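Some notes on the structure that comes next.
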Amino acid sequence: MFLGVGHEDDFAAADALARKVVELRMFEDEAGRTNRSLADVGGEALVVSQFTLYADTSRGRRPGFTAAAPPDRAVELYRHFAAAIRAEGIRVQEGSFGATMAVELVNDGPFTLWLDTAR
């Protein structure tokens, strides 16, 4: 999962988002319905920091990232979020914060979810 941290995010938001990720029924059950959570299926998580989720492309040709939290705050909340998922019993791997990484993604399922703490 890709995690973007904004100026308004805090530890409570990170905790709530972690619980949501662990408990969200997004995996199929035996009947083919999305009734099983990450915890139910014994899943694992890869958490990758992605400040570019806050890109503002509304003006010009260069994206702006002023809505993203500053790196010192973002790394703190990124690590807290990963730890909160671990505390729910899920195995978590983390990307390298602030690094340029080549991440391969296999989107295995009928949908992709965007979870926003501001809503």
Name the pairs whose Cβ atoms lie under 9 Å apart, with the first residue in the stretch 97-115 and open to solvent by less than 90 Å² (accessible area, probe 1.4 Å), the second outside any loop (DSSP other than H, G, I, E, B) and of a type in the set (D, E, K, R), and 6 or more positions between them or separate chains?
-> 97/79; 109/28; 115/20
Single match in 41, 48 (criterion: part of a strand (DSSP E or B) and either in contact with a strand residue (DSSP E or B) (Cβ under 7 Å, 6 or more places away or on another chain) or under 24 Å from residue 70 (Cβ atoms) (or both)) = 48
Please go through the stretch 1-12 and pick out each residue that is buried (at least 17 other Cβ atoms within 10 Å of the Cβ) and of a type in the set (Gly, Ala, Ser).
-> 4, 6
Can you find even one residue in the stretch 28-45 that is open to solvent by less than 90 Å² (accessible area, probe 1.4 Å) and closer than 25 Å to residue 7 by Cβ?
-> yes
Of the residues in the stretch 58-86, those that are free of Cβ contacts under 8 Å to residues at least 24 places away in the same chain and either closer than 20 Å to residue 24 by Cβ or under 16 Å from the mean Cα position of the chain (by Cα) (or both) come to 76, 79, 83, 86
Considering the stretch 56-69 alone, what residues qualify as being of a type in the set (A, V, I, L, M, F, W, C) and either open to solvent by less than 40 Å² (accessible area, probe 1.4 Å) or closer than 16 Å to residue 85 by Cβ (or both)?
-> 68, 69
(1) surrounded by fewer than 11 Cβ atoms within 10 Å (Cβ to Cβ); (2) touching a Gly at 6+ places or on another chain (Cβ under 8 Å); (3) not in a loop (DSSP other than H, G, I, E, B): which one isn't true of residue 53, the others all being true?
-> (1)
Give 31, 55, 12 a once-over and let me know the one that is touching a Pro at 6+ places or on another chain (Cβ under 9 Å), farther than 19 Å from residue 107 by Cα and free of Cβ contacts under 8 Å to residues at least 24 places away in the same chain.
-> 55
Out of (1) under 18 Å from residue 93 (Cβ atoms); (2) open to solvent by 30 Å² or more (accessible area, probe 1.4 Å); (3) of a type outside the set (Ser, Thr, Tyr); (4) part of a loop (DSSP other than H, G, I, E, B), the one residue 25 does not meet is (1)
Evaluate the stretch 70-88: report whether one residue or more is open to solvent by less than 60 Å² (accessible area, probe 1.4 Å), touching a helix residue (DSSP H, G or I) at 6+ places or on another chain (Cβ under 9 Å) and assigned to a loop (DSSP other than H, G, I, E, B).
-> no
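The values are calculated or read from the model by the stated rules, or taken from the named source; none is laboratory data. Note that this is a predicted model, so its numbers are computed, not measured. In this analysis, Cβ positions are derived from the backbone assuming ideal geometry, glycine residues included, and neighbour counts consider all displayed protein chains. Note: areas computed on protein heavy atoms with side chains; ligands, DNA, RNA excluded. Shrake-Rupley method; radii C 1.70, N 1.55, O 1.52, S 1.80 Å.
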